[in-house]
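Worksheet for the structure shown next.
The values are calculated or read from the model by the stated rules, or taken from the named source; none is laboratory data. Quick caveat: nothing in here was measured; it's all calculated off a predicted structure. Heads up, the Cβs are rebuilt from the backbone with ideal geometry, glycines too, and the neighbour counts pull from every protein chain shown. Side chains are part of the model used for accessible areas, which takes the heavy atoms of the whole protein and leaves out ligands, DNA and RNA. Shrake-Rupley method; radii C 1.70, N 1.55, O 1.52, S 1.80 Å.
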Amino acid sequence: EEASWRAAEYIFKEKNSRQDEYSIDLHGLRGNEAIKFLEERLETQKNNKLDHLIVIYGAGNHSEGGVRKIKPEVEKLLKTKNLNFTADKP
């Protein structure tokens, strides 16, 4: 499990090395990993009084059956936190 988390941290760091503070890329992560990174980023956004965040979660092309796994988890978290969001709109 520790090795899996280290891999997730590496993937996250690589995917987000070119993102600004208003974007987060969750491609290549498992659902629970993606949500942990998103929760951390949302807290940073709140602390820095930043007013929006673009969440990139992919289309599910690499998921079993081509079904998105991260998007529903992201939407669930945002609803739980009563945050306004628009899905699938760049």
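Along the chain, the longest continuous region that contains none of the chymotrypsin sites (Phe, Trp or Tyr not before Pro) in a DSSP loop with at most 16 other C-beta atoms within 10 Å is 23-84. Of all stretches in the chain that contain no trypsin sites (Lys or Arg not before Pro) in a DSSP loop with at most 10 other Cβ atoms within 10 Å, the longest one is 50-90.
If you roll a 1.4 angstrom probe over the protein chains with everything in place, what fraction of the accessible area of the chain belongs to carbon and sulfur, to the nearest %? Accessible surface attributable to carbon and sulfur in the chain totals 48 percent. The amide H of residue 23, built 1.01 Å from its N in the peptide plane, has 54 as neighbours under 5 Å, considering only residues 5 or more places off or on other chains. Of the residues 17, 5, 55, the one whose Cα sits farthest towards the positive end of the charge dipole of the chain is 55 (charges of +1 on Lys and Arg Cβ, -1 on Asp and Glu Cβ, taken about the Cα centre).
How about residue 81: which lysines have a C-alpha closer than 23 Å to its C-alpha, ignoring those fewer than 8 places off in the same chain? Output for residue 81: 36, 46, 49, 69, 71, 89.
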